[in-house]
Amino acid sequence: MKSGRREKTPRILVVRFSSIGDILLTTPFLRVLRTKWPQAHVDFATKARFAPLLLHNPRIDGLLTLAEPGDFRSLRRLARQARETRYDYVLDLHKNWRSMWLGLRAGATVHRYRKDALKRFLLVSFHWNLYRRVVPVRERYFLAAPPEWGLKDDGGPLEFVLSADERRWAEEELTRLGLGKKRPLIGLAIGAGYVTKRWPAEHFAALAHSLRKKRDAGILLFGDLRDSPAAGRIREVEPRAVDLTGRTTLR
């Protein structure tokens, strides 16, 4: 006989402060979370400069933003806002001191994903690999949810939602660049915030050349102005690649 008790619809705060790739990797988790709790109130906390990544995402109800790390007043404001919202759960997908402090101050049940910071430091700094198995970041995010929710990766794509105006602008810009709708387009994000996370330009060049030949694809190079020299080296190998470094924003 089934119990007549109803499962409470929770108020949930998901936390991932940075950076572009890691935040986009949370979108499958948000999709599955929304499927599990279609009526839940789900907010997402991130740095203000990365908030545009989730601006039109239908899986969340609101965005809470943090100024740059040096502004502790912004973190205190964010914690006060979280406490006033009375979340039932904080799902910490970042696990640094800021996200842990926020979870502590929010007055909610906190769940975090496992982050082997020491092993990562030793690998990056000294090339000592102590990992027995590397769990992909996307997969680790699902470990941050309460086990009883039974959240599993659906294997679907990452999500970046465009408005109608943004889609129209993109189509016009691609037409101006001579890249029509009939041809597949592949964008390569060639930059990274840390040198240790940057793939060498010559590897991107070989990949761009191979993709263009094998798939007859238009190749777009994305990044900020600091990535322009790398884009130049890539175009020496694949001159048909379109250099958009420093010419686009997150929206």
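A few comments on the model shown:
- Long-range neighbours under 7 Å by Cβ, at least six apart or interchain, first residue in contact (Cβ under 8 Å) with a residue 24 or more places away in the chain within segment 110-134, second assigned to a helix (DSSP H, G or I) and surrounded by 12 or more Cβ atoms within 10 Å (Cβ to Cβ): Tyr113/Arg140; Tyr113/Tyr141; Arg114/Arg140
- Looking only at residues in segment 138-171 that are touching a residue at least 12 places away in the same chain (Cβ under 8 Å) and assigned to a helix (DSSP H, G or I), the one that is farthest from Val14 (Cα to Cα) is Glu166.
- Residue in segment 219-229 that is farther than 22 Å from Phe160 by Cβ, in the same structural domain as Leu179 (by TED's automatic domain parsing) and over 27 Å from the mean Cα position of the chain (by Cα) present: no
- Consider segment 120-151 and keep the residues that are surrounded by 11 or more Cβ atoms within 10 Å (Cβ to Cβ) and among the charged types (D, E, K, R). The one that is farthest from Val32 (Cα to Cα) is Arg120.
- Odd one out for Ala79 among (1) part of a helix (DSSP H, G or I); (2) of a type in the set (A, V, I, L, M); (3) closer than 30 Å to Asp165 by Cα: (3)
- When Leu179 is tested against (1) of a type in the set (A, V, I, L, M); (2) within 30 Å of Glu238 (Cα to Cα); (3) assigned to a loop (DSSP other than H, G, I, E, B); (4) free of Cβ contacts under 8 Å to residues at least 12 places away in the same chain, just one condition goes unmet, and that condition is (4).
- Single match in Val124, Val135 (criterion: β-branched (Val, Ile, Thr), modelled with pLDDT under 95 and part of a loop (DSSP other than H, G, I, E, B)): Val135
- Residues located in segment 230-239, provided they are touching a residue at least 24 places away in the same chain (Cβ under 8 Å) and exposed (fewer than 13 other Cβ atoms within 10 Å of the Cβ): Glu236
- Residues in segment 230-251 that are in a loop (DSSP other than H, G, I, E, B) and in contact with a helix residue (DSSP H, G or I) (Cβ under 8 Å, 6 or more places away or on another chain) were compared, and the one that is nearest to Ala205 (Cα to Cα) is Glu238.
- In a residue-by-residue description of segment 79-89, the property of being more than 23 Å from the chain's Cα centre (by Cα), within 14 Å of Val15 (Cα to Cα) and of a type in the set (A, V, I, L, M) applies to no position.
- Identity of the residue in segment 199-229, part of a loop (DSSP other than H, G, I, E, B) and in contact (Cβ under 8 Å) with a residue 12 or more places away in the chain, that ends up nearest to Arg176 (Cα to Cα): Ala217
- Unique match (being of a type outside the set (Val, Ile, Thr) and in a helix (DSSP H, G or I)) among Leu104, Leu13, Leu91, Leu63: Leu104
- In segment 183-198, residue surrounded by the most Cβ atoms within 10 Å (Cβ to Cβ) [restricted to those that are of a type in the set (Gly, Ala, Ser) and either touching a Phe, Trp or Tyr at 6+ places or on another chain (Cβ under 6 Å) or modelled with pLDDT of 85 or more (or both)]: Gly191
- Residue match in segment 29-44 (condition: basic (Lys, Arg), under 25 Å from Pro136 (Cβ atoms) and part of a loop (DSSP other than H, G, I, E, B)): no
- Selection count where residues are over 26 Å from Lys36 (Cα atoms) and small (Gly, Ala, Ser), scope segment 152-184: 4
The values are calculated or read from the model by the stated rules, or taken from the named source; none is laboratory data. Here the structure is a predicted model, which is why all the values come from computation and not from measurement. Neighbour counts are summed over all protein chains in view; Cβ atoms, including those assigned to glycine, are modelled from backbone coordinates with ideal geometry.
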